[in-house]
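In what follows, a single structure is set out as structure tokens and then discussed.
The values are calculated or read from the model by the stated rules, or taken from the named source; none is laboratory data. Just so we're clear, the structure is a prediction, and the values are computed from it rather than from any experiment. Don't worry about glycine lacking a Cβ; one is built from the backbone with ideal geometry, like all the others, and counts go over all protein chains shown.
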Amino acid sequence: MNYNQEIVDKVCDALVRAGSTFTPDKKEAYKKAIQKETDDKARWVLETVLENAEVAEKNHSPLCDDTGIPHVVVEAGPNAAVTGTVLESIREGIRQGLRTLPGRPMAVKGNDAQRIAQSEGMYEDSGMLDAAPILIRSTDEEVLRVHILMFGGGPAIRAHTHRVFHKHKVEPVMDQIVEWAVESTAQLGCSPCTLAIGVGRSHYEAASLMLQALVDGRYEKQSEMEQEITNRVNESHVGALGLGGDTTVLATFMKVGPQRASGVRIVCMRPCCCFEPRISSCEL
Amino acid sequence: MKVLTTPISEEDVRNLQVGDQVLISGSIYCGRDAVLPKICELIDSGEIENTDIHLRGSVIFHTAVSPAGVGPTSSNKLEIEGSFETLSKAGVKVHLGKGEIGKATIQMLDEQNAVYAVMPPVTALLGNNTMEQRLVAFPELGMEALYELKVKDYPAIIAAAHNESIY
């Protein structure tokens with residue numbers, strides 16, 4: 001395969017940024033949470049997580065030892081072309097980025113059954129970790145843009161993708177999301193969380209919308225439903241690291257897609273950990 | 001802030017209370033889902049006596065060890081929380097990780113005079129507090145093998161002690 005070296009280099013740099021850097025709005029969200037936090041131990045956790053982010057950014061080193069599974073969203077403008085070479089160059093950039101960060105060497109060896117059982121061990125090369133299937137969407141901007149997101153294992157264990165009977169009201173869906181979030185943030189441990197939510201017609205669509213919510217979400221801009229979820233989960237006082245206090249959730253990023261004429265909604269809810277979304281973008 | 005240096009004594013543990021902030025120094029073991037059940041098998045079979053693993057007064061940090069660094073994984077995963085009792089009976093005094101653990105585990109820890117502590121997953125900061133690392137057992141498990149670290153002032157909070165917890 002002949003790669004486009006410019007794409008490889010840009011994606012490599014973006015992956016390292018995603019794994020080592022807080023976005024500016026996330027830093028501000030932490031600073032505001034520290035100011036408002038009334039529990040001393042929870043405030044210490046928030047300050048320590050922010051200090052960790054400052055050190056990681058300065059050193060270009062991992063925020064967390066679980067450097068995560070790369071997830072990629074490509075945005076293509078009206079005249080942009082996404083070719084096989086572009087996609088393979090993105091994948092090569094991810095491999096190089098994982099070796100540079102460095103990513104944790106956690107690609108599992110073996111055939112289907114062996115990979116499930118993890119019976120053959122792992123590759124020592126961080127770059128052997130494949131990205132999840134690439135999501136492509138269109139945009140009105142004249143651009144070809146790549147977003148890299150690194151998904152840790154803890155939130156994956158605690159996430160839900162399941163049907164919810166809405167009873168022709170929004171409240172049952174909101175109640176279910178809050179119930180899942182309160183339970184999962186306590187189990188997760190590495191809070192404060194950012195809740196990522198997709199509501200769609202199938203499991204695939206709901207998970208895809210959850211991923212896009214993380215790309216489009218902003219800490220300083222919360223919809224009415226997002227703010228309600230954040231407020232209700234924070235009333236649980238699970239708090240940072242499960243120690244109690246006011247900051248179980250920093251924000252909620254929610255994307256509601258088209259819906260099926262049915263009594264059921266498919267909801268995907270990922271309780272992103274204190275470092276997520278680990279995201280960075282580049283224009284190709 | 002209380003200071004804990006390994007090996008940790010029975011008296012050290014008796015003096016710990018839920019919510020105490022502690023700094024942990026000395027040699028600590030690192031293990032998680034893959035290796036902890038294997039350590040438990042060694043304990044149950046008595047083979048642990050023929051190894052270089054010394055659990056009396058020890059700390060088990062639930063983490064992988066890799067070039068990416070170290071940081072706590074969820075301690076309530078089946079194979080990790082399921083190892084607490086055997087490890088505590090073998091002398092482990094501090095189980096160090098993150099996430100809520102069950103009431104039965106909290107009670108068992110009290111019976112064995114052991115505690116559960118949590119720490120923020122601050123890998124970039126922990127790098128400065130980790131002096132040495134050594135592969136101890138099960139190298140085939142890669143980053144999930146049993147490692148020993150020499151650490152200075154790892155920050156943690158006691159989350160379960162004396163049948164009480166933050167949960």
With the requirement that a residue be part of a helix (DSSP H, G or I), touching a residue at least 24 places away in the same chain (Cβ under 8 Å) and not charged (D, E, K, R), what does the range A:51-75 give you? A:53, A:56, A:59
Just one listed residue, out of A:68, A:93, is surrounded by 21 or more Cβ atoms within 10 Å (Cβ to Cβ), more than 14 Å from chain B (Cβ to nearest Cβ) and among the small types (Gly, Ala, Ser), and it is A:93
Of all helices (runs of 4 or more DSSP H) fully inside the range B:72-167, the set with 1 or more residues that are within 13 Å of chain A (Cβ to nearest Cβ) and at pLDDT 95 or above is B:78-81, B:123-126
Looking at the range A:32-57 only, could you name the residues that are among the charged types (D, E, K, R), more than 28 Å from residue B:31 (Cα to Cα) and under 22 Å from the mean Cα position of the chain (by Cα)? A:32
Here the residues within the range A:227-253 that are assigned to a helix (DSSP H, G or I) and within 14 Å of chain B (Cβ to nearest Cβ) are A:240, A:241, A:242
Those residues of the range A:256-284 which are outside any loop (DSSP other than H, G, I, E, B) and among the small types (Gly, Ala, Ser) amount to A:280, A:281
If you check A:217, A:257, which single one turns out to be touching a Gly at 6+ places or on another chain (Cβ under 7 Å), at negative phi and modelled with pLDDT of 95 or more? A:257
All conditions in (1) farther than 30 Å from residue A:251 by Cα; (2) in contact (Cβ under 8 Å) with a residue 60 or more places away in the chain are true of residue A:87 except (2)
Residues (more than 9 Å from chain B (Cβ to nearest Cβ) and among the hydroxyl-bearing types (Ser, Thr, Tyr)) located in the range A:21-64: A:21, A:23, A:30, A:38
Quick check on the range A:48-57. Is at least one of its residues among the charged types (D, E, K, R) and under 26 Å from residue A:125 (Cβ atoms)? yes
Within the range A:107-147, track down each residue that is surrounded by fewer than 16 Cβ atoms within 10 Å (Cβ to Cβ), without any contact (Cβ under 8 Å) to a residue 24 or more places away in the chain and in contact with an Asp or Glu (Cβ under 8 Å, 6 or more places away or on another chain). A:109, A:110, A:114
Residue satisfying all of: in the range B:8-23; part of a loop (DSSP other than H, G, I, E, B) and at negative phi; surrounded by the most Cβ atoms within 10 Å (Cβ to Cβ) among these: B:8
Could you identify the single residue in A:213, A:186, A:207 that is assigned to a helix (DSSP H, G or I), within 14 Å of another protein chain (Cβ to nearest Cβ) and of a type in the set (A, V, I, L, M)? A:186
Return a yes/no flag: does the range B:49-65 have any residue that is crowded, with 17+ Cβ neighbours inside 10 Å and among the acidic types (Asp, Glu). no
Kindly establish whether residue B:50 is at negative phi, free of Cβ contacts under 8 Å to residues at least 24 places away in the same chain and of a type outside the set (A, V, I, L, M). yes
Every listed condition ((1) surrounded by 24 or more Cβ atoms within 10 Å (Cβ to Cβ); (2) within 14 Å of another protein chain (Cβ to nearest Cβ); (3) in contact with a Gly (Cβ under 6 Å, 6 or more places away or on another chain)) holds for residue A:191 save (3)
Sort through A:178, A:164, A:173 and tell me the only one that's in a strand (DSSP E or B), touching a residue at least 24 places away in the same chain (Cβ under 8 Å), away from chain B (no Cβ under 14 Å) and not acidic (Asp, Glu). A:164
